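Novice: Before anything else, here's the structure in question.
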Amino acid sequence: MGFAAAILLMNPTRSTQLLTLAEPRMHFRMLLGKILWRLGQEDRARKIFEVVGNDARNPELADRARSNIDVLAHLTPGYKAPHFKASTLDGRSISSADFNGSVVVIHFWSSW
C-alpha cells in the first residue's frame, strides 16, 4: 500500500482544499507536466506525462496522463484538426475535408 501525503492546493476561485493523495510523486509530476505545458514546453510535459502514464499505480491517474499525451499530439494549436463529420442546422452534411486549406473557428455552444 502506498503512503499518503496531504497537499494544500489553491483552485482558480481562490478557495483551498486539502487533498490526500495515495501517490504524491505521480500527482506532483502531473502538476509539473501541466505547468510546463502552459509555459509552452510541450516536449518536456509529454515526457513527464509518459512517466506517469507508464508508472502510476492509480489507473485513473495513468489514464489522465495518457489523455494529456493524446491532446498534446493531436489538439495543440497549429496542428491539423481531427477529421469530423456533422450536420448543419439546416440538415446539410459537412466534414473537415470541406475546409482543407482554410482557417476555421468552431464555436461549441449549448442552450441549457
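The values are calculated or read from the model by the stated rules, or taken from the named source; none is laboratory data. Given the structure is predicted, the values throughout are model-derived calculations rather than measurements. Cβ sites come from the backbone with ideal geometry, for glycine too, and all protein chains shown count toward neighbours.
Novice: Name the residues in region 43-69 that are surrounded by 12 or more Cβ atoms within 10 Å (Cβ to Cβ) and charged (D, E, K, R), would you? Outline the logic, then answer.
Specialist: As a first pass, look at region 43-69 and keep what is surrounded by 12 or more Cβ atoms within 10 Å (Cβ to Cβ): 44-53, 55-56, 58, 61-69.
Within region 43-69, Arg44, Arg46, Lys47, Glu50, Asp55, Asp63, Arg64, Arg66 meet the criteria.
Novice: Among Asp43, Asp90, which is the only one that is in a helix (DSSP H, G or I), of a type in the set (D, E, K, R) and at pLDDT 85 or above?
Specialist: Asp43
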